[in-house]
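Novice: Mind looking over this structure? Questions follow.
The values are calculated or read from the model by the stated rules, or taken from the named source; none is laboratory data. Since the structure is predicted, the reported quantities are computational estimates derived from the model, not experimental observations. No Cβ is skipped: glycine too gets one built from the backbone with ideal geometry, and neighbour counts run over all protein chains shown.
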Amino acid sequence: MGRIPIVVGGGGERRTLRIAARLGDACNLPSDLATLDAKLAVLRQHCAEVGRAPSEVEVTVLDLPIIGRDRDDTWRRVERLRGRTAAAAFAARHHAGTIEDQRQRYGDLAERGVGTVFAALPDLDRPDDVLALSDLTK
């Protein structure tokens, strides 16, 4: 049996990211670009402190996007799922948008060094909702 890769999940800047820099094969971080940028800077600093190249730690994210067929469909989904959360806040937290919006955002993640996106769709209504993800690879 081969070695099992260790993915360190979490964004604690003093301990968790230091552990990821020292021991992790990968580090799972938030998919929000501003937060990701800040956590990556800390991870890189910890890598430098332990004498490890940042490229040795794969970066992954967990993403919970709301993906609509068009703008109206996207907002219908947001309204249906938001509960008591303000629609704009819920939409921002879940990166609500069309598949084209997600393609751009995932490109931005890739530019920052993200190698894997774990996508969990909170609003699966029908098979087409899953198949929409295949458009991200085009």
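Novice: Exactly one of these conditions fails for Met1: (1) outside any helix (DSSP H, G or I); (2) within 24 Å of Leu133 (Cβ to Cβ). Give me its number.
Specialist: (2)
Novice: Check Asp72 against each of (1) closer than 17 Å to Gly97 by Cβ; (2) surrounded by fewer than 15 Cβ atoms within 10 Å (Cβ to Cβ); (3) modelled with pLDDT under 95 and name the one condition it does not meet.
Specialist: (3)
Novice: What about Leu40, is it in contact (Cβ under 8 Å) with a residue 12 or more places away in the chain, surrounded by 14 or more Cβ atoms within 10 Å (Cβ to Cβ) and not in a helix (DSSP H, G or I)?
Specialist: no
Novice: Related question: Of the residues Ser31, Ser55, Ser134, only one is under 30 Å from Ile4 (Cα atoms), in contact with an Asp or Glu (Cβ under 9 Å, 6 or more places away or on another chain) and among the polar types (S, T, N, Q); which? Walk me through how you get there before you give the answer.
Specialist: Values: Ser55 fails: in contact with an Asp or Glu (Cβ under 9 Å, 6 or more places away or on another chain); Ser134 fails: in contact with an Asp or Glu (Cβ under 9 Å, 6 or more places away or on another chain).
Exactly one of Ser31, Ser55, Ser134 is under 30 Å from Ile4 (Cα atoms), in contact with an Asp or Glu (Cβ under 9 Å, 6 or more places away or on another chain) and among the polar types (S, T, N, Q), namely Ser31.
Novice: Hey, does the stretch 71-86 have a residue that's free of Cβ contacts under 8 Å to residues at least 24 places away in the same chain and within 30 Å of Arg15 (Cα to Cα)?
Specialist: No, there is no match, as no residue in the stretch 71-86 is free of Cβ contacts under 8 Å to residues at least 24 places away in the same chain and within 30 Å of Arg15 (Cα to Cα).
Novice: Tally time: how many residues in the stretch 12-32 are in contact (Cβ under 8 Å) with a residue 12 or more places away in the chain and crowded, with 19+ Cβ neighbours inside 10 Å?
Specialist: Summing the residues that are in contact (Cβ under 8 Å) with a residue 12 or more places away in the chain and crowded, with 19+ Cβ neighbours inside 10 Å in the stretch 12-32 gives 9.
Novice: Within the stretch 1-11, which residues are more than 21 Å from Ala119 (Cα to Cα) and either touching a residue at least 40 places away in the same chain (Cβ under 8 Å) or of a type outside the set (Gly, Ala, Ser) (or both)? Give the derivation first.
Specialist: At the first step, the residues of the stretch 1-11 found to be more than 21 Å from Ala119 (Cα to Cα) are 1-4.
Hits for the stretch 1-11 are Met1, Arg3, Ile4.
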